[in-house]
């Protein structure tokens, strides 16, 4: 079985996606700055559990259209929902992590009848002080042209820093260079506007990217939800708050760093999600 590529028609342009397997449709949304690519190593494991995978690149990301500058999370979800409906998905499961967890939440809030169960992985539920602390790790990074030449190393530096947010032990070295370049490619495909919006949230509409207010939105998520975190995950600080606000949620906490980036822990990650989705 091979991964197939395609495009769905959103409201504002074409949305690129990967598909794999047969069975119950499961939408997988990548963590910023990545897209569907970051789940490819897990496709066979999910397919073996009877799922048909649809892994889109969010508008503004990957190979999807770039007509999304300044969008809120709700606008992103609306565009994606239109595209998924055009694929014939009337009922599905969905998984999203970090920013894309917010997109999954908004999909379910807008159309709860279409989403049987959802997974919010690393729910963005930080308060203003915690968000400031998280974003402080990216201070000084900008794609904007500068006389000191910092724009020349922006993609490398940003990739290294956000990979450390997912795994505090991450370091660029000969063993990790393939991973480093894969996510650098994701950054370059992301689009200038989307990158700038993430690093400069003051230029983003309320509800978008790092300005998303999960604390206000989680009580509106009524579908059965699995909330994931890991002991050393960047958004762990807000996990308890998310659990207290999500009306219909189950809690799971992975030991150590997040298993999504660890090829040795793929079966662990897929197993937790698949068992929940199957109820």
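A few comments on the model shown:
- Only a single item in (1) part of a loop (DSSP other than H, G, I, E, B); (2) under 19 Å from the mean Cα position of the chain (by Cα) is not met by residue 146, and it is number (2).
- Top-ranked residue of segment 127-141 - restricted to ones that are surrounded by 14 or more Cβ atoms within 10 Å (Cβ to Cβ) and modelled with pLDDT under 80, ranked as nearest to residue 187 (Cα to Cα): 138
- Test: residue in segment 201-215 that is surrounded by fewer than 16 Cβ atoms within 10 Å (Cβ to Cβ), outside any loop (DSSP other than H, G, I, E, B) and modelled with pLDDT of 85 or more: no
- Residue that is farthest from the chain's Cα centre (by Cα), among those in segment 250-268 that are under 28 Å from residue 216 (Cα atoms) and buried (at least 20 other Cβ atoms within 10 Å of the Cβ): 254
- Residues of segment 216-235 that turn out to be touching a residue at least 12 places away in the same chain (Cβ under 8 Å) and part of a helix (DSSP H, G or I), as a count: 4
- Applying a threshold of 6 Å to beta carbon distances and a minimum spacing of six or more residues, or different chains, the list of pairs starting in segment 242-266 at a residue that is without any contact (Cβ under 8 Å) to a residue 24 or more places away in the chain and ending at one that is part of a helix (DSSP H, G or I) reads 265/259.
The values are calculated or read from the model by the stated rules, or taken from the named source; none is laboratory data. Bear in mind that the values here come from a model prediction, so they are computed numbers and not experimental data. Positions of Cβ are backbone-derived with ideal geometry, glycine not excepted, and every protein chain shown enters the neighbour counts.
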